[in-house]
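Below you'll find the structure, written out as structure tokens, and then a few comments.
The values are calculated or read from the model by the stated rules, or taken from the named source; none is laboratory data. Model, not experiment: these values are computed from the prediction. Here Cβ is always computed from backbone atoms with ideal geometry, including for glycine, and neighbour counts include all displayed protein chains. The accessibility values were calculated without ligands, DNA or RNA, using every heavy atom of the protein model including side chains. Shrake-Rupley method; radii C 1.70, N 1.55, O 1.52, S 1.80 Å.
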Amino acid sequence: MERFDVIVIGAGSGLNISSVASSRGLKTAVVEKGPMGGTCLNRGCIPSKIIIHSADVAEIINNAKSLGINSRGYTVDFKKVTERASKIVDKDSRDIEKGIRSDKNTVLFNGEGKFVDYKTLKVGNKTIKGDKIIIAAGTRPSIPPIEGFNKVNYKTSDEALRL
């Protein structure tokens, strides 16, 4: 069983804690089942703002005439807009993972951590123990318990930002 001074569950805002712990020489573990960067980077703040920026540009072009600018029209390729956002987000996530893996005091465990004993987690087939364990697992969409909702083709932010 590998032992750590600090275990951080979640590679979003939890990375603030793991990076400080590591910089202070503490043996640190990061446990993350998804892509690095957490909710904000992967399915929240960042991709939505990239997509919204494209909408803002379209709105400016739409109203250019009121500013004395005659635009010749445009089309919106929504697939390209979302692909651009995904490409930026995915690169950032890969860069974060490279940074974590290159840190001499930090070990990354890709997988879901489950408590199996006091201050002890199982991640995949590995068991790790930590003096301090911080749960910074972020958020997930909540599907409201509305009758018939499960029969409708709905999208959460997880799917909508990758259309």
Restricting to the range 1-15, give me the number of residues that are in a strand (DSSP E or B) and either of a type in the set (Val, Ile, Thr) or buried (at least 22 other Cβ atoms within 10 Å of the Cβ) (or both). 5
Criterion: within 19 Å of residue 157 (Cβ to Cβ) and over 18 Å from the mean Cα position of the chain (by Cα) - qualifying residue of 81, 57: 81
Specify the residue that is nearest to the chain's Cα centre (by Cα); the eligible residues are those in the range 94-112 that are open to solvent by 100 Å² or more (accessible area, probe 1.4 Å) and closer than 23 Å to residue 26 by Cβ. 98
When restricted to 87, 80, 132, 91, the only residue open to solvent by 100 Å² or more (accessible area, probe 1.4 Å), in contact (Cβ under 8 Å) with a residue 40 or more places away in the chain and not in a loop (DSSP other than H, G, I, E, B) is 132
Conditions (1) small (Gly, Ala, Ser); (2) part of a helix (DSSP H, G or I); (3) more than 19 Å from residue 130 (Cα to Cα); number of the one not met by residue 22: (3)
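Of everything in the range 16-47 that's open to solvent by less than 30 Å² (accessible area, probe 1.4 Å) and among the hydroxyl-bearing types (Ser, Thr, Tyr), which residue is nearest to residue 85 (Cα to Cα)?
18
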Qualifying residues in the range 58-75 (those that are among the β-branched types (Val, Ile, Thr) and open to solvent by 60 Å² or more (accessible area, probe 1.4 Å)) - the one farthest from residue 12 (Cα to Cα): 69
Restrict the check to the range 147-161 and report whether at least one residue is open to solvent by less than 100 Å² (accessible area, probe 1.4 Å), among the polar types (S, T, N, Q) and modelled with pLDDT of 95 or more. no
Members of the range 101-129 that are in a loop (DSSP other than H, G, I, E, B), farther than 16 Å from residue 38 by Cα and either among the charged types (D, E, K, R) or without any contact (Cβ under 8 Å) to a residue 60 or more places away in the chain (or both): 103, 104, 118, 119, 124, 125
